[in-house]
1. If we keep just the residues of segment 126-145 that are touching a residue at least 12 places away in the same chain (Cβ under 8 Å) and outside any helix (DSSP H, G or I), which is farthest from Glu196 (Cα to Cα)?
2. Looking at (1) part of a helix (DSSP H, G or I); (2) of a type outside the set (Val, Ile, Thr); (3) loosely packed, with under 10 Cβ neighbours inside 10 Å; (4) at pLDDT 65 or above, which is the only condition Arg62 fails?
3. For the condition assigned to a helix (DSSP H, G or I) and touching a residue at least 12 places away in the same chain (Cβ under 8 Å), what is the one hit in Leu184, Leu163, Leu114, Leu123?
Amino acid sequence: MDDDDVTTTVMDRAALPPASGTRVSVAHSEPPRDTFVDPPSPWTRVRTAVGAAFRRVREGFRRSRLSDRLPPLPPPRSITATRVSPGGVGHDERGEQLLLDIVRAARPYQEAALYVVNYAVALRNLGDDAHAEGLVHFALARMRADAGGFVAIARLRDRLPELSSAGALVPALGRLEAAGIVTLTATTESGSPRIERVQLRVPL
């Protein structure tokens, strides 16, 4: 028998269900698509650059706000906690009052405040003793003397209540006298001298 006479059986296995009874799902791949993105137009690039520049300028102005350059507000405190008498100003509120007074002041005082600030910052950088001396020197320079050219020490203490008399004020006056900046007049009580008046010899 010739091979051509043999009956050939062709089985379509894809049409048969799997033995488990689960239908086979054949995934069909999608035809390839182009993934090229059109480049931005010149106008889009210009608009993006201008927008970024505008945001930088706006941020620069935002950072330069006056409130951003000022110290934070002091926390609220009661009179009992701070032991401040009615009508007095607490130490933490003095700076706030100073800033407000500068805005309220007349123009000559506002312009003078620029120089005073530089003077005060320089004193702070020199240390506590130099700061106390400079503070006393400045206070005397801005106080009216009597007919003899003297300022009562009691008036100076009232002008500088934050300086303790024995701990800061008197030692600062002693150093200023040694430097020839002031002249002190003292009286002797109980065997120890007591400063009564001070005369400014070297203007600030």
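The values are calculated or read from the model by the stated rules, or taken from the named source; none is laboratory data. On a predicted model such as this, the values are computed, not experimentally measured, just so you know. Heads up, the Cβs are rebuilt from the backbone with ideal geometry, glycines too, and the neighbour counts pull from every protein chain shown.
1. The residue in question is Met143.
2. Unmet for Arg62, out of (1) part of a helix (DSSP H, G or I); (2) of a type outside the set (Val, Ile, Thr); (3) loosely packed, with under 10 Cβ neighbours inside 10 Å; (4) at pLDDT 65 or above: (4).
3. Working: Leu184 fails: assigned to a helix (DSSP H, G or I); Leu163 fails: assigned to a helix (DSSP H, G or I); Leu114 fails: touching a residue at least 12 places away in the same chain (Cβ under 8 Å).
Every option except Leu123 fails the conditions.
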